[in-house]
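The values are calculated or read from the model by the stated rules, or taken from the named source; none is laboratory data. Everything numeric in this text was worked out from a predicted model, so none of it was measured. Neighbour counts run over all protein chains shown; Cβ positions are idealised from the backbone, glycine included.
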Amino acid sequence: MEQTSSAKPIEVMMRYEFKYLLSPEQIPALLAGLRGRMEIDRYGETSIQSLYYDTPDFRLIRASVEKPVFKEKLRLRSYGPATDSSSVFLELKRKFDGIVYKRRVMSTIPRVRQFLAGDDEVFEGGQINREITYFRNYYRELVPACVIIYERTAYFEPGGDLRLTIDRNPRRRMTGLDLTAPLTGEPLLPEGHAVLEVKIQHAVPLWLSAVLSGARIYKDSFSKYGTAYGMQVQAACRKDKDYV
């Protein structure tokens, strides 16, 4: 869950997020550098799956991969396998000038389907509901576009606001777009590679910068959904070429 060491889920969030790609050789060096400074949160390793919604012509992800100053996405997230009665989180994630803003509501899969079909009475009122409703109305037709799955280990800094996550075995599914399906998909990275995300309210601390530099871990603009979409486009191009 997007949580610190406490049990209360974050509903409104604003922070910087920096991403890095990790090779199998870099992971042990990173973990050694974290020892004594950061702790694994209470959930340990968690399987996460996110269902991304987009327009039928993939308007949102096509805009995102152009790396604009402002971009936004809507996803439905579950922690582990989901059922129609289990809790899921509908998240509106925006990024402007390097700062990430996230709004989310806890719900169930049937209620989210109702909401996306136009039912304004599904969620309680308030600013978060108004923002997500505006997003839905602005893009009008939002459909399931991609499922991203991975195993996440989350770390937190005791007494601080630094969070760090390592996502292993990220994979995509462009069919069977349902969070109740098995957690299977096509790998996004070579075996053993992972995605590191550093999440902070202010600047990355000097000690972490030193750890990353020492392990030759550098920032990357890697996007799981963006990579999945790119793979889909490449597959379609190969198919068209073979057809010709």
Given the structure, is Glu151 surrounded by 17 or more Cβ atoms within 10 Å (Cβ to Cβ), in contact (Cβ under 8 Å) with a residue 60 or more places away in the chain and of a type in the set (Asp, Glu)? no
Where residues in the stretch 96-140 are free of Cβ contacts under 8 Å to residues at least 60 places away in the same chain and assigned to a strand (DSSP E or B), which of them is nearest to Val69 (Cα to Cα)? Phe96
Filter the stretch 192-203 down to residues that are surrounded by 14 or more Cβ atoms within 10 Å (Cβ to Cβ) and under 26 Å from Met13 (Cα atoms), then give me how many there are. 7
Restricting the first residue to the stretch 54-79 and requiring it to be within 18 Å of Leu90 (Cβ to Cβ), which pairs with a second residue that is of a type outside the set (Gly, Ala, Ser) and in a loop (DSSP other than H, G, I, E, B) meet a Cβ separation below 8 Å and a spacing of at least six or different chains? Asp54/Leu142; Thr55/Arg140; Thr55/Glu141; Thr55/Leu142; Leu74/Leu142; Leu76/Leu179; Ser78/Leu179; Tyr79/Met1
May I ask you to list the residues in the stretch 41-58 that are in a strand (DSSP E or B) and either of a type in the set (Asp, Glu) or surrounded by fewer than 15 Cβ atoms within 10 Å (Cβ to Cβ) (or both)? Asp41, Arg42, Tyr43, Gly44, Glu45, Ser47, Asp54
Would you point out which residue out of Leu208, Leu196, Leu188, Leu212 is over 23 Å from Lys67 (Cβ atoms) and not hydroxyl-bearing (Ser, Thr, Tyr)? Leu208
The residue that is farthest from Arg152 (Cα to Cα), considering only those in the stretch 178-195 that are in contact (Cβ under 8 Å) with a residue 60 or more places away in the chain and within 16 Å of the chain's Cα centre (by Cα), is Leu179
Tell me, yes or no, whether the stretch 122-138 has at least one residue that is surrounded by fewer than 17 Cβ atoms within 10 Å (Cβ to Cβ), basic (Lys, Arg) and either over 16 Å from Ser50 (Cα atoms) or touching an Asp or Glu at 6+ places or on another chain (Cβ under 8 Å) (or both). yes
Counting just the residues of the stretch 59-83 that are part of a helix (DSSP H, G or I) and buried (at least 17 other Cβ atoms within 10 Å of the Cβ), which one comes out modelled with the lowest pLDDT? Ser64
Output yes when any residue across the stretch 26-39 is modelled with pLDDT under 95, under 17 Å from Glu151 (Cα atoms) and either touching a helix residue (DSSP H, G or I) at 6+ places or on another chain (Cβ under 6 Å) or buried (at least 18 other Cβ atoms within 10 Å of the Cβ) (or both), and no when none is. no
How many residues of the stretch 208-232 are surrounded by 12 or more Cβ atoms within 10 Å (Cβ to Cβ), of a type in the set (A, V, I, L, M, F, W, C), more than 15 Å from the chain's Cα centre (by Cα) and not in a loop (DSSP other than H, G, I, E, B)? The answer is 4
Pairs returned, first residue in the stretch 226-237 that is under 22 Å from Glu72 (Cβ atoms), second residue that is among the polar types (S, T, N, Q) and surrounded by 13 or more Cβ atoms within 10 Å (Cβ to Cβ), beta-carbon separation under 7 angstrom, 6 or more apart or interchain, are Gly226/Ser64
Can you tell me how many residues within the stretch 148-182 are among the aliphatic types (A, V, I, L, M), part of a loop (DSSP other than H, G, I, E, B) and over 21 Å from Gly226 (Cβ atoms)? 2
